[in-house]
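Novice: Have a look at this one.
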């Protein structure tokens, strides 16, 4: 047997009595002290192992990140290279001359469904002519239509305007019996086919309207109008026009009837070519007193033998170029004029000004939005029986109690030509 010694040691700040055996005998007596020492030794080994595992885990994580990062970086470089070599999309097609094919005089045959979207299969036929003239060097055009058939006489016009921002056309139709523009159809040409759409009321119900120009050749084309009352799932064609070019024949003008409604020739004074000086207030209804001066020219052409007219003007100033057009339509029912204006920048028609002439003075009114607020707008024409007519536009934000003039045009007839000579 060996020997043992009795002693006290401090563990964790407490004295612990223990027995230590030192002997060659493999049999060992384990005392309380020995258990504490063994426990402490195991804990130290445990901590050491855990630290080693942490180091290994950190190393493995670092290696995995390197392994993952390399393919991602390569992929990113690939994507960057691909994006740099990707073909850029081509610029949007400029369609401002899409209707050039139609300029000229045409023989027109029209088939019209009498009662659309009612199950009707009764068609009426018309024969006549249409004349298409360019406006704004082709960025707009005016169509005059006159046809006759067993169902009566149709006289209409269509003002088509090209919007250079949206690259779309708007088609605005008017019937001479009403003297106002309908809801415009909007669209474009693709692969030689023009499609134009809008939403309108028919017999109190909302429907979709589609206009199509197709089968276009230098000397013929086809136009169709169709309605849909199921959201465009099905379409019923109700108007078909086939046009054939008339060669070397001047445009027919509408015959003047013996009964001329009072006021229908109110704008005859403006037919012709003019030099214009325009003064425009820099800001409106803001207390501004700064005016910008423009100089330019304008041309007014009769439509429907004077019951409508189209005015084009162009002017320049130190602040830039201004181009616009005005379509004026006479309503034989109300005996009033509707004046539609469009700016060359967006080619969108403003709401019409409505009014009439009395004692040589024309006054026309409407309500519009200016900087988000509703205002009244007034046009006034004076000196219309001279070669120097005068025009003013004014705004009112107090219900018409006061008016601020913001646009003044003075014009002088070119070369002294008179309206009666045209």
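Read-outs: derived from the displayed coordinates by stated rules, not from any lab. These numbers were taken from a predicted model, which means no experiment stands behind them. Note: ideal-geometry Cβ built from the backbone for every residue, glycine included; neighbour counts use all protein chains shown.
Novice: Take region 114-140 and flag every residue that is touching a helix residue (DSSP H, G or I) at 6+ places or on another chain (Cβ under 7 Å) and in a strand (DSSP E or B).
Specialist: If the condition is that a residue be touching a helix residue (DSSP H, G or I) at 6+ places or on another chain (Cβ under 7 Å) and in a strand (DSSP E or B), then 132 is the only one that fits.
Novice: Residues that are part of a strand (DSSP E or B), over 29 Å from residue 92 (Cα atoms) and free of Cβ contacts under 8 Å to residues at least 60 places away in the same chain: does region 181-198 have at least one?
Specialist: Scanning region 181-198, I find no residue that is part of a strand (DSSP E or B), over 29 Å from residue 92 (Cα atoms) and free of Cβ contacts under 8 Å to residues at least 60 places away in the same chain, so the answer is no.
Novice: Right, residue 319: more than 25 Å from the chain's Cα centre (by Cα), closer than 21 Å to residue 282 by Cα and either in contact (Cβ under 8 Å) with a residue 60 or more places away in the chain or surrounded by fewer than 18 Cβ atoms within 10 Å (Cβ to Cβ) (or both) or not? Show your work before the answer.
Specialist: Details: more than 25 Å from the chain's Cα centre (by Cα): yes; closer than 21 Å to residue 282 by Cα: yes; either in contact (Cβ under 8 Å) with a residue 60 or more places away in the chain or surrounded by fewer than 18 Cβ atoms within 10 Å (Cβ to Cβ) (or both): yes.
For residue 319, the condition - more than 25 Å from the chain's Cα centre (by Cα), closer than 21 Å to residue 282 by Cα and either in contact (Cβ under 8 Å) with a residue 60 or more places away in the chain or surrounded by fewer than 18 Cβ atoms within 10 Å (Cβ to Cβ) (or both) - is met.
Novice: Filter region 262-309 for residues that are without any contact (Cβ under 8 Å) to a residue 12 or more places away in the chain and within 26 Å of residue 321 (Cβ to Cβ); which is farthest from the chain's Cα centre (by Cα)?
Specialist: 289
Novice: Could you go through region 392-407 and let me know if any residue there is closer than 21 Å to residue 275 by Cβ and without any contact (Cβ under 8 Å) to a residue 60 or more places away in the chain.
Specialist: Step one: filter region 392-407 for residues closer than 21 Å to residue 275 by Cβ, giving 392-393, 407.
Right, trim to without any contact (Cβ under 8 Å) to a residue 60 or more places away in the chain and you get 392-393.
Yes: region 392-407 contains one or more residues that are closer than 21 Å to residue 275 by Cβ and without any contact (Cβ under 8 Å) to a residue 60 or more places away in the chain.
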